[in-house]
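See structure below.
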Amino acid sequence: MPGTIALIGEKGDTAWKVPGTLTAGGQTSITIDDPGKYGRVSAVVVNGSAATTAWSNEAGDWLWSHDQVPVQLAATAVDADGTGDPGTGDPGTGDPGAGGGAGGGGVVVPDSGLGGGVTSQPVSLSVAAAKLPKLGKAEALVFKTAASQTGTFTATATVNAKTAKRLRLGKKATKVGAGKAVLSKAGSAKLTVYLTAKVIARLRKQRKPVAIAVKIAFKGATGGSTARTVPLTLKR
């Protein structure tokens with residue numbers, strides 16, 4: 001996947017960056033020289049993929065096909081005992097150093113793009129709500145889901161604090177239902193989110209629309225995972 005990896009050296013209130021860009025995935029290595037002169041060195045990875053599978057009217061967002069793609073990082077401290085230049089950068093000058101040759105001091109971070117030896121695989125997920133029930137008959141919410149590998153869907157339905165107060169469920173955002181579905185092979189599955197008995201009773205008395213947010217998470221059998229939040233509105 002495309003993206004950026006960067007090493008960031010921090011000293012006091014100042015930071016120095018050494019970025020490396022991957023325009024189409026793959027591998028890259030970047031080096032920050034003389035890491036011992038920094039108080040902390042951090043590695044940052046940015047997923048730059050804008051690839052999608054489709055637009056979801058229910059979610060009001062694109063279904064991103066490369067969410068949570070696993071990335072493998074490895075950091076190596078290179079001893080400055082070779083003939084190369086260990087780097088002349090000084091945090092006081094704003095330059096982290098131009099780098100050394102073979103044997104130059106530094107930290108090298110290789111990135112293997114889509115995971116290399118990582119066993120987890122990227123997950124492609126799609127979620128769409130089936131026909132919504134009327135307020136007076138709402139007992140469950142049904143979703144058509146699909147994933148690119150075997151795994152488990154879990155769902156949690158909640159209402160915000162304002163709606164919870166209106167339904168006499170409390171003054172905070174409240175869980176109103178849950179569901180689970182197992183996908184035995186890559187493909188589609190029906191996911192049913194069952195509402196609690198108290199919520200069912202409260203909904204039947206409502207005359208105004210009620211907004212519910214359903215967070216649907218998928219955990220793949222090989223370790224990949226992703227999630228979507230689907231906003232719904234139940235009406236009379």
Residue under evaluation Phe218, criteria (1) of a type outside the set (S, T, N, Q); (2) at pLDDT 95 or above; (3) buried (at least 16 other Cβ atoms within 10 Å of the Cβ), criterion not met: (2)
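Do you know which of the residues in region 145-173 that are within 16 Å of Thr229 (Cβ to Cβ) and over 21 Å from the mean Cα position of the chain (by Cα) is surrounded by the most Cβ atoms within 10 Å (Cβ to Cβ)? Spell out the reasoning first.
Within region 145-173, the first condition is being within 16 Å of Thr229 (Cβ to Cβ), and the residues that meet it are 145, 153-160, 163, 173.
Still in the list and also over 21 Å from the mean Cα position of the chain (by Cα): 159-160, 163, 173.
Working: Val159: 23, Asn160: 14, Thr163: 19, Ala173: 15.
By that ranking, first place goes to Val159.
Pick out the one residue from Lys205, Lys165, Lys198 that is outside any strand (DSSP E or B), in contact with a Leu (Cβ under 9 Å, 6 or more places away or on another chain) and at pLDDT 95 or above.
Details: Lys205 fails: at pLDDT 95 or above; Lys165 fails: in contact with a Leu (Cβ under 9 Å, 6 or more places away or on another chain).
Exactly one residue qualifies, and that residue is Lys198.
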Breaking point among (1) assigned by TED's automatic domain parsing to the domain that holds Phe218; (2) at pLDDT below 85, for Ala189: (2)
Residue among Ala24, Ala6 that is modelled with pLDDT of 65 or more, in a loop (DSSP other than H, G, I, E, B) and either under 20 Å from Ser148 (Cβ atoms) or touching a Pro at 6+ places or on another chain (Cβ under 8 Å) (or both): Ala24
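The values are calculated or read from the model by the stated rules, or taken from the named source; none is laboratory data. The structure displayed is predicted, hence computed values, not measured ones. No Cβ is skipped: glycine too gets one built from the backbone with ideal geometry, and neighbour counts run over all protein chains shown.
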